[in-house]
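Following: one structure in structure tokens, then a few remarks.
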Amino acid sequence: DGRTAIPVLEARIGENKLTGAISFTPDFKPDGTIDFNLPDLGLLAAMAGQKASGDLNGSAAIKTTNGITSVVVKAGGSGIKRDALTIAKPTADITISDVAALAIKGSVRAETIAQGPNRVAGLAVDFQQQQAGRTGFSIDGKYDGGPLTAKGDLTSAKGRTEIRLASF
């Protein structure tokens, strides 16, 4: 059927493990699943000459139907740290029904994100797929104890992406 495939994808670096299978349509659009369990992000960072620590695990399911690629990502971890940046308890539950159109729904959360003395607590970023080519977003949390909110939308058409802020 003209597809290129990686029927078994498995990578291990120390205790870090990535598994799955992926195939590509004749025009190289992907289909497949990837599961990851990364209990030691420091090993992966070291491969790029960086220092980091933490863990992350989850999965991504990628599907292309009628030329439209969609992705479902579910991930979480206890925390990620790099230099003075710390992200505690990150989670993501995102469905992108059309990657090219940025048709996104779902959420990204973190208990805290801190960079040096600056701190965002209770961060919640929610995406609401609206009409074709438009995705709404809202951001809620506390920045150094004060309220942090933003609302807006993303649009994507003809190779151009716009971010519109309705409130901040």
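Being in contact with a strand residue (DSSP E or B) (Cβ under 6 Å, 6 or more places away or on another chain) and more than 30 Å from K29 (Cβ to Cβ) narrows it down to one residue among D140, D98, D126, D153; which is it? Talk me through it step by step, then tell me what you get.
On the way: D98 fails: more than 30 Å from K29 (Cβ to Cβ); D126 fails: more than 30 Å from K29 (Cβ to Cβ); D153 fails: more than 30 Å from K29 (Cβ to Cβ).
It is D140.
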When the residues of the stretch 129-161 are filtered to those that are modelled with pLDDT under 95, open to solvent by 60 Å² or more (accessible area, probe 1.4 Å) and among the charged types (D, E, K, R), which remaining residue is nearest to A84 (Cα to Cα)? D144
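Provide a single number: the residues in the stretch 89-105 that are open to solvent by less than 50 Å² (accessible area, probe 1.4 Å), in a strand (DSSP E or B) and in contact with a Lys or Arg (Cβ under 9 Å, 6 or more places away or on another chain). Before the answer, list the steps.
Let us first name the residues in the stretch 89-105 that are open to solvent by less than 50 Å² (accessible area, probe 1.4 Å), namely 90, 92, 94-98, 101-104.
Then keep just the ones that are in a strand (DSSP E or B); that gives 92, 94-98, 103-104.
Now restrict to residues that are in contact with a Lys or Arg (Cβ under 9 Å, 6 or more places away or on another chain): 92, 94-97, 103.
Result for the stretch 89-105: 6.
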Restricting to the stretch 24-77, and then to whatever is in a loop (DSSP other than H, G, I, E, B) and of a type in the set (K, R), can you tell me which residue is most open to solvent (accessible area, probe 1.4 Å)? K51
Kindly list, by first and then second residue, each pair from a residue in the stretch 39-67 that is within 15 Å of I13 (Cα to Cα) to a residue that is open to solvent by 70 Å² or more (accessible area, probe 1.4 Å) and among the hydroxyl-bearing types (S, T, Y), limited to pairs with Cβ atoms under 8 Å and residues at least 6 apart or on different chains. G54/S78; D55/S78
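Filter the stretch 6-23 for residues that are under 20 Å from S78 (Cα atoms) and crowded, with 16+ Cβ neighbours inside 10 Å and give the result.
Looking only at the stretch 6-23, we keep the residues that are under 20 Å from S78 (Cα atoms), and these are 13-18.
Correct list: N16 only.
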Could you list, in sequence order, all residues of the stretch 106-128 that are open to solvent by 50 Å² or more (accessible area, probe 1.4 Å), closer than 17 Å to K74 by Cβ and over 12 Å from the mean Cα position of the chain (by Cα)? none
For the stretch 149-162, what are the residues that are without any contact (Cβ under 8 Å) to a residue 40 or more places away in the chain and closer than 21 Å to D93 by Cα? T149, A150, K151, G152, D153
Name the pairs: first residue in the stretch 95-116 and closer than 18 Å to I139 by Cα, second residue open to solvent by less than 40 Å² (accessible area, probe 1.4 Å) and part of a loop (DSSP other than H, G, I, E, B), Cβ to Cβ under 8 Å, at least 6 apart or on different chains? L102/G133; A103/G133; V108/P90; R109/P90; A110/P90
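The values are calculated or read from the model by the stated rules, or taken from the named source; none is laboratory data. Values in this document were obtained by computation on a predicted structure and should not be read as measured data. For neighbour counting, all protein chains shown are included, and Cβ atoms are generated from backbone atoms with ideal geometry for every residue, glycine included. The protein model used for the area step is the full one, side chains on, heavy atoms only, and it has no ligands, DNA or RNA in it. Shrake-Rupley method; radii C 1.70, N 1.55, O 1.52, S 1.80 Å.
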